[in-house]
1. Restricting attention to region 179-195, which residues are charged (D, E, K, R) and within 9 Å of the chain's Cα centre (by Cα)?
2. Filter region 64-110 down to the residues that are of a type in the set (K, R) and either surrounded by fewer than 19 Cβ atoms within 10 Å (Cβ to Cβ) or in contact (Cβ under 8 Å) with a residue 60 or more places away in the chain (or both) and list them by number.
3. Can you name the residue in region 248-276 that is in contact (Cβ under 8 Å) with a residue 40 or more places away in the chain and of a type in the set (A, V, I, L, M) and, of all such residues, is nearest to A177 (Cα to Cα)?
4. Among the residues of region 118-177, write down those that are farther than 15 Å from S98 by Cβ, of a type in the set (D, E) and surrounded by 18 or more Cβ atoms within 10 Å (Cβ to Cβ).
5. Return the residue satisfying two criteria in turn: it lies in region 200-221 and is in a loop (DSSP other than H, G, I, E, B) and either of a type outside the set (A, V, I, L, M) or in contact with a helix residue (DSSP H, G or I) (Cβ under 6 Å, 6 or more places away or on another chain) (or both), and of such residues it is modelled with the highest pLDDT.
6. Here is a list: A132, A162, A199, A113. Which entry is in the same structural domain as R70 (by TED's automatic domain parsing), touching a residue at least 12 places away in the same chain (Cβ under 8 Å), among the small types (G, A, S) and farther than 24 Å from N53 by Cα?
7. Take E22 and tell me if it is within 30 Å of A199 (Cβ to Cβ) and among the acidic types (D, E).
8. Among L17, L35, which is the only one that is crowded, with 16+ Cβ neighbours inside 10 Å and either out of contact with any helix residue (DSSP H, G or I) (no Cβ under 8 Å at 6 or more places or on another chain) or outside any loop (DSSP other than H, G, I, E, B) (or both)?
Amino acid sequence: MDRRDRLIARAKQGYRLAYGAEPSRFFAAPGRVNLIGEHTGPSGGYVLSCAINRDTIIALGPADTNETGRKLHVVAIDMGSARCAVDLEAPNARGDNSWENHVRAIAAKLQEARHALRPARLAIAGDIPLGAGLASSASLGVGIALALSDYNNLSLSPHKLAEIAYSAEQEFVGSAASIADHLAIACASDGRALLIDCARLEHMPIPIAAKLAIMVIDTGIRRPHGDDVFAVRAVQCAATAQHCGVASLRDLTPDELRRQTADLDPLLYARARHVV
């Protein structure tokens, strides 16, 4: 039994224990690493990302036929089997950056787009380290969107799933993550990185030479809950773009940045220089 098989088995067992039934479907969404382009996404720049061999697994089955009301019942196995119920009549989820709100946000965005959702039961398991820069929250969002799309016969494209998961994080949870995270997770393919244009929302697969290996090293450092350094960087870059009279830093060359930022705070200049 390989790593993913063990993860699926854990999701299946968690589903059984929570609901006393067997799941009917399984869905996977990987984590990702940025090979180049960290912090460039909010400025409309380019990002080169690739998926990694760590996943969020969603086990899904139909709702209990004896239950009244239209709800999604969800159990998060890695959170001590914590549970939540999403009322499909009122799934509005604007709130904190909790796993429950990520699930509610996806349901809300799908219904906001006039997609009808059926009640269901879900169990979530994963092996993506949380807070380690591997886009675990984007993986959760894309995985939930994929599961609900398939279960409700919505036939949403990978690109559309990424857009829904991204807008759910932005509007409901308040995350400053780049859409590049969601596109890399939803649109990745085996043996290829993904070059993403964050201004035009276009992407292109880039083959990774077979003789190369990408090694991801976990430093053990975790970002504190609620400490969104990405949001701070995005605000700093937007302020510099406004100072230079452009819509985003994407529109500046290195020479233009140097000429227009002689009187700029050194920290803001450093942030902008990295992106440009």
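1. Quick first cut of region 179-195, residues charged (D, E, K, R) only: 181, 190, 192.
If the condition is that a residue be charged (D, E, K, R) and within 9 Å of the chain's Cα centre (by Cα), then D181 is the only one that fits.
2. Step one: of region 64-110, the residues of a type in the set (K, R) are 70-71, 83, 94, 104, 109.
Those that are of a type in the set (K, R) and either surrounded by fewer than 19 Cβ atoms within 10 Å (Cβ to Cβ) or in contact (Cβ under 8 Å) with a residue 60 or more places away in the chain (or both): R70, R83, R94, R104, K109.
3. V275
4. Within region 118-177, E163 is the sole residue that qualifies.
5. Within region 200-221, the first condition is being in a loop (DSSP other than H, G, I, E, B), and the residues that meet it are 200-201, 208-221.
Filter once more, keeping what is either of a type outside the set (A, V, I, L, M) or in contact with a helix residue (DSSP H, G or I) (Cβ under 6 Å, 6 or more places away or on another chain) (or both): 200, 211, 218-220.
Numbers: R200: 90, K211: 94, D218: 83, T219: 84, G220: 83.
In this case the residue turns out to be K211.
6. Values: A132 fails: farther than 24 Å from N53 by Cα; A162 fails: farther than 24 Å from N53 by Cα; A199 fails: in the same structural domain as R70 (by TED's automatic domain parsing).
Testing whether each residue is in the same structural domain as R70 (by TED's automatic domain parsing), touching a residue at least 12 places away in the same chain (Cβ under 8 Å), among the small types (G, A, S) and farther than 24 Å from N53 by Cα leaves just A113.
7. Values: within 30 Å of A199 (Cβ to Cβ): no; among the acidic types (D, E): yes.
The answer is no for E22.
8. Among L17, L35, only L35 is crowded, with 16+ Cβ neighbours inside 10 Å and either out of contact with any helix residue (DSSP H, G or I) (no Cβ under 8 Å at 6 or more places or on another chain) or outside any loop (DSSP other than H, G, I, E, B) (or both).
The values are calculated or read from the model by the stated rules, or taken from the named source; none is laboratory data. In this text, all values refer to a predicted model and were calculated from it rather than measured experimentally. All Cβ positions, even for glycine, are placed from backbone atoms using ideal geometry, and neighbour counts span all protein chains on display.
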